[in-house]
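Trainee: For reference, the structure I am asking about is given below.
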Amino acid sequence: MNSEQNPLGVFNFNAQGNVNSPVDVNILLGKSYEYNNLRDQLNTQQKLFDRTPENETEERLGISKKINDLKDLIQQLKRDVLQLAEQFNRIEINTDRLQRAKAFFDKGEFGEARAVLETELEQMQSEQTYLLSRKEQYEKEILPKLTNNSEEFFILALSTQVDYTNPNRFEDTCRYFELSIESEVTKDNLFQYAFFLAEHTQYPKAANYYNQYLNKFANKLSLEENAMTLNNLAVLHRNQNEYEKALKEFEEALEIRRNLAENNPQTYLSDVAVTLNNLANLHRNQNEYEKALKEYEEALEIYRNLAKDNSQTYLSDVAMTLNNLAILHDDQNEYEKSLKEYEEALGIYRNLAEDNPQAYLPNVAMTLNNLAILHDDQNEYEKSLKEFEEALGIYRNLAEDNPQAYLPNVAMT
């Protein structure tokens, strides 16, 4: 079986206002104990990596994994803090609880900000029950208070996303999102909850909230928001084998993104390529090779052009699309084309893995495995054996630190 990068598709994250945002997240993070603690851990691991001899491959790989895990946590923290900061800027801070939470947040004391609401959770729920019971009777008086209550639960949900020490982070975050939505449905709490659920592979539930978002706010969504949501919905439907729905949504998202890219290619061309790749994967799964080929080739051309100016961001996308193209050509018995694409993808991944082995060594192994299958099909057993053995060695090393993720790859290889 050929391996394919990112089989779940590419999701887009929406943090409204993050372009030209007035929020300086770096200042907030600089005050934060959580952020500085992660940075200190990262610096310690990087120093340890630099001091570890190059011939101690396994130890360097283990340290590299810790470095990448810490970098991922830092990026997640930045994203979640920015999201929380923008929400504070968007809403009216007109309750005592929100004012106190905002004051702590502005000082970078995220845990204390969360605690303001968390410690009064029982009171907030009591207020919500009372307000909901009187909603019909006192609509004009109660609705503004429900809005405030919804914002409080929404802030609590976003704050809980940041709390990676909480063993019940997923369950608590879901509960607070749902309490926020129960008080008042807004663009923000619907989209962010759908995105959170999709990240945690809760596909049917995520699709339900995305559809609510599209239907309820149809007249208020920007073209970018609409395309983003359609792309995300299509990925969910494809993962559930609902190909007809996925196809319709991908095509609608692609049309919107093409139109946006005509006026602003620098911002939107990468989104066009994302949807083209997703659409090509769908067509290939349905054996519509001609359509898939055209879409992969257009996505590849976009990524190659983007990589000329920003190789660090887009070279991995070039390799991903080459790998997908090679699988397509292999399926069509066009071995020469497939071989050329696998070899180019492998070269890119090897170069990327030199600087970031934990992130890109799995891709090296994946492409080696695909090459070995190709050579095996052509009875080039010596080449095939060498590639399988190298892929197996990489997967075995990766499985030592993360057996759940990589032991199936060891068994497959």
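Trainee: Going through the range 281-310 one residue at a time, which ones are more than 23 Å from residue 333 (Cα to Cα) and of a type in the set (Gly, Ala, Ser)?
Mentor: 307
Trainee: Of the residues in the range 271-288, how many are open to solvent by 60 Å² or more (accessible area, probe 1.4 Å) and in a helix (DSSP H, G or I)?
Mentor: Number of matching residues: 1.
Trainee: Which pairs have Cβ atoms under 8 Å, sit 6 or more apart or on different chains, and link a residue in the range 188-207 that is under 18 Å from residue 158 (Cβ atoms) and open to solvent by 20 Å² or more (accessible area, probe 1.4 Å) to one that is hydrophobic (A, V, I, L, M, F, W, C) and part of a helix (DSSP H, G or I)?
Mentor: Within 8 Å, the pairs are 188/154; 200/170.
Trainee: Is it true that some residue in the range 88-97 is under 24 Å from residue 165 (Cβ atoms) and under 28 Å from the mean Cα position of the chain (by Cα)? Show your work before the answer.
Mentor: Going through the range 88-97, the residues under 24 Å from residue 165 (Cβ atoms) turn out to be 88, 97.
Then keep just the ones that are under 28 Å from the mean Cα position of the chain (by Cα); that gives 88.
Yes, the conditions are met somewhere in the range 88-97.
Trainee: Here's another thing I want to ask about it. Within the range 156-184, track down each residue that is crowded, with 17+ Cβ neighbours inside 10 Å and among the polar types (S, T, N, Q).
Mentor: Filtering the range 156-184 for residues crowded, with 17+ Cβ neighbours inside 10 Å gives 156-163, 172-174, 176-177, 179-181, 183-184.
Hits for the range 156-184 are 159, 160, 161, 173, 180, 183.
Trainee: Give the residues of the range 340-356 that are of a type in the set (D, E, K, R) and under 18 Å from residue 375 (Cβ atoms), sorted by residue number.
Mentor: Matches in the range 340-356: 340, 341, 343, 344, 350.
The rows are residues; the columns are (1) out of contact with any helix residue (DSSP H, G or I) (no Cβ under 6 Å at 6 or more places or on another chain); (2) among the hydroxyl-bearing types (Ser, Thr, Tyr).
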position: 321; (1), (2): no, yes
position: 326; (1), (2): no, no
position: 343; (1), (2): yes, no
position: 348; (1), (2): no, no
position: 402; (1), (2): yes, no
position: 406; (1), (2): no, yes
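The values are calculated or read from the model by the stated rules, or taken from the named source; none is laboratory data. Worth saying up front: this structure is predicted, and the values here are computed from it rather than measured. Please note: Cβ atoms are built from the backbone with ideal geometry, for glycine as well, and neighbour counts cover all protein chains shown. For accessibility, only protein heavy atoms count, side chains too; no ligands or nucleic acids. Shrake-Rupley method; radii C 1.70, N 1.55, O 1.52, S 1.80 Å.
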